[in-house]
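Structure first, commentary second.
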Amino acid sequence: MPAKDLYPSRTSAQPVILDRQDPVIHGTDFSAAPISEEQLNQYDEKGFLLLPEVFSRAEVSRFLNELQQMQQNQTLLDSERAITEPGSGALRSVFQIHQYNDLFSQVAADPRVADIARFILDDDLYIHQSRLNFKPGFNGREFYWHSDFETWHVEDGMPRMRALSASILLTDNSDFNGSLMVMPGSHRQYVSCVGETPEGYYRNSLQQQTVGTPDNHSLASLHKEFGLESTAAPAGSVLLFDCNLMHGSNGNITPMPRSNLFFVYNAVSNRCVAPFCNQPPRPEFLATRETFSLLPARNNARERKVG
Ligand code: 6CS
Ligand code: FE
């Protein structure tokens, strides 16, 4: 019996904006949370939370060293996990970094991030997807407006909105070099997009997403209601954002790369089922299924209040 599709998209000729049917914060005892009540309320209301400079300069420089090694690793560059920018061929993203890189698998489980995700999602967690988005200087292309959940629901079969992304800034993110732009509060509305998912769509969508992105009228109406907010912050900061937050980023023609690590935490109770479209599941490097492993048990988060 296929799972009920609570968030249909790419099923009709007209776009429609649906209400969210899931809580934003699943944890209930805010006094037991690893972050303050004020921070939790901001995340609940806006759909994102920026934690400045959580990781030290020394940690960030180790992460950047890993990034530079990836850029020289021809086997990786030749694999399907590496996505290049259309035109320039510059490295755009590398996926499944939590699986193939010891340092980044530790970062994914770091209590300064994972314990917050665990409270917000109120369940055991696993990494649904991880990636390093390079957004290189001069050639970094845009990531057009989208809700990650729309893709993860339709193409990966993620049933409910019980997942979040942690973006760890490896370089300073500014309004000039393509920092993430968000529509604060848009996570409470789900844009059901038009169009149909083409066969093997991920081979194009990771370079430039065109299907599953909101139409101009829906975007304009979200913008009218929620506005825009910049998430510009220094390297080492962490941006937590809800799976359904409308976001995008501009191209980067400055000499300064905007490179970020992304870990997508999903609740174990929200594991992916069959895709909610007529295509086979996307490959493992985009959506964890076979290589599923629980994140280590909760650390003693009380002493680690961040932010
Ligand atoms: O298709 C995906 O899963 C990826 N695409 C975008 C534009 N954001 C989320 C994710 O990295
Ligand atoms: Fe995204």
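Read-outs throughout are calculated quantities, based only on the coordinates presented, and are distinct from any laboratory measurement. Because the structure is predicted, anything quoted here is derived from the model rather than measured. Don't worry about glycine lacking a Cβ; one is built from the backbone with ideal geometry, like all the others, and counts go over all protein chains shown.
Here are the numbers for the structure shown:
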| read-out | value |
| --- | --- |
| Count of Lys pairs (Cα-Cα under 30 Å; at least 8 positions apart or interchain) in the chain | 5 |
| Relative contact order (percent, whole number), the chain, Cα cutoff 8 Å, 6+ residue spacing | 34 percent |
| Rounded to whole Hz, the Karplus (6.51, -1.76, 1.60) HN-Hα couplings of the range 87-104, x for glycine and proline | x, 6, x, 5, 5, 9, 8, 10, 9, 6, 6, 5, 8, 10, 9, 4, 4, 6 |
| Proximal charge balance of Val94 [Cβ under 14 Å; K/R count +1, D/E count -1] | 0 |
| Span from the the range 199-276 Cα centroid across to the the range 24-88 one, whole angstrom | 13 Å |
| Ranked list, fewest to most other Cβ atoms within 10 Å of each Cβ, for Ile97, Ile127 | Ile127, Ile97 |
| Convex hull projection area averaged over all views, the range 35-295, Cα basis, nm² | 12.8 nm² |
